[in-house]
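Below: one structure, written as structure tokens.
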Amino acid sequence: MKINREVILALWTIVNQTKNEKGLLTQFRYLLNMYTNALKPEVEFLEAELSKREDEGYTEKRIALCRQLCKKDSGGNPVLDRGNFIIEDDKKAEFEEKIQALKIEYKDALEKQEKRSDELAEFIKQEVNVDLPPILLSLLPKKLVIVDKEGNELPYMDILEPFIKNDIFDQVI
């Protein structure tokens, strides 16, 4: 079956979160393991590609600058807001000045990274062949909540729908 890589990553999230749920039917757990085995090589390849950075040290220096100028707790550790450093008003001008200097210093590397990001955006939309068995509707859990890395609920049925075989109506008719 041809699937685009965005769907593969979404399926991977669904499979990994779902397999830890309590009360799943044994057949459904088996199916999740089959999906894990089928998706794993492509996911590992994608993660390796997506993690490659070509900014030649810009990110490390930017994070070091953020750590240096951000708000800190009583223990001297950075205070984060949803994963972001907080730069207080009295240090914003200095921070912006140093960030701009970094951007100028790493201009070529940042342009290269931006080009790579554009290429990755196209790469992730490509379709690849993955052999996945159908998911029988009768095996799906009644309640299932799947969230992405940011904690947003995923429309998992929209993602799973192309893989679901409706065996319930087959039994009724």
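The values are calculated or read from the model by the stated rules, or taken from the named source; none is laboratory data. Values in this document were obtained by computation on a predicted structure and should not be read as measured data. All Cβ positions, glycine included, derive from the backbone under ideal geometry; neighbour counts span all protein chains shown.
Scanning the range 80-91 for any residue that is at pLDDT below 95 and closer than 30 Å to Leu132 by Cα turns up nothing. Scanning the range 78-102 for residues that are assigned to a helix (DSSP H, G or I) and either farther than 29 Å from Lys149 by Cα or in contact (Cβ under 8 Å) with a residue 12 or more places away in the chain (or both) yields Asp89, Asp90, Lys91, Ala93, Glu94, Phe95, Glu97, Lys98, Ile99, Gln100, Ala101, Leu102. Filtered by the rule that a residue be within 20 Å of Ala121 (Cβ to Cβ) and of a type in the set (S, T, N, Q), the range 16-74 gives Ser51, Thr59.
Return the only residue of Glu88, Glu153, Glu114, Glu96 being within 24 Å of the chain's Cα centre (by Cα), exposed (fewer than 13 other Cβ atoms within 10 Å of the Cβ), of a type outside the set (Lys, Arg) and not assigned by TED's automatic domain parsing to the domain that holds Leu32. Testing whether each residue is within 24 Å of the chain's Cα centre (by Cα), exposed (fewer than 13 other Cβ atoms within 10 Å of the Cβ), of a type outside the set (Lys, Arg) and not assigned by TED's automatic domain parsing to the domain that holds Leu32 leaves just Glu114.
The number of residues in the range 99-111 that are surrounded by 11 or more Cβ atoms within 10 Å (Cβ to Cβ) and over 26 Å from the mean Cα position of the chain (by Cα) comes to 7.
Apart from one condition, Pro162 fits all of (1) under 17 Å from the mean Cα position of the chain (by Cα); (2) surrounded by 12 or more Cβ atoms within 10 Å (Cβ to Cβ); the exception is (1). Among the residues of the range 127-148, those identified as loosely packed, with under 11 Cβ neighbours inside 10 Å and in contact (Cβ under 8 Å) with a residue 12 or more places away in the chain are Asn129, Asp131.
Restricting attention to the range 117-126, report how many residues are of a type in the set (Lys, Arg) and surrounded by 13 or more Cβ atoms within 10 Å (Cβ to Cβ). Break it down into steps so the answer makes sense when it comes.
At the first step, the residues of the range 117-126 found to be of a type in the set (Lys, Arg) are 125.
Next cut, surrounded by 13 or more Cβ atoms within 10 Å (Cβ to Cβ) only: none.
Residues flagged as of a type in the set (Lys, Arg) and surrounded by 13 or more Cβ atoms within 10 Å (Cβ to Cβ) within the range 117-126 amount to 0.
Residue pairs whose Cβ atoms lie under 8 Å apart, sitting 6 or more positions apart in sequence or on different chains, and linking a residue in the range 64-77 that is assigned by TED's automatic domain parsing to the domain that holds Ala93 to a partner that is surrounded by 15 or more Cβ atoms within 10 Å (Cβ to Cβ) and assigned to a loop (DSSP other than H, G, I, E, B), are Cys66/Ile87; Leu69/Ile87; Cys70/Ile87; Lys71/Ile87.
The residue of the range 142-164 that is modelled with the highest pLDDT, among those that are part of a loop (DSSP other than H, G, I, E, B) and β-branched (Val, Ile, Thr), is Ile146.
For the range 24-39, the set of residues classified as touching a strand residue (DSSP E or B) at 6+ places or on another chain (Cβ under 9 Å) and of a type in the set (Phe, Trp, Tyr) consists of Phe28, Tyr35, listed by residue number.
Can you find a residue that is of a type in the set (A, V, I, L, M), over 30 Å from Ile8 (Cα atoms) and in contact with an Asp or Glu (Cβ under 9 Å, 6 or more places away or on another chain) anywhere in the range 66-76?
Here is the first cut: in the range 66-76, the ones of a type in the set (A, V, I, L, M) are 69.
Those still in the list that are over 30 Å from Ile8 (Cα atoms) too: 69.
So of that shortlist, the ones also in contact with an Asp or Glu (Cβ under 9 Å, 6 or more places away or on another chain) come out as 69.
Yes.
Does Phe45 meet the test of being in the same structural domain as Leu140 (by TED's automatic domain parsing), touching a residue at least 40 places away in the same chain (Cβ under 8 Å) and surrounded by 11 or more Cβ atoms within 10 Å (Cβ to Cβ)? Considered against the rule, which asks whether it is in the same structural domain as Leu140 (by TED's automatic domain parsing), touching a residue at least 40 places away in the same chain (Cβ under 8 Å) and surrounded by 11 or more Cβ atoms within 10 Å (Cβ to Cβ), Phe45 comes out as no.
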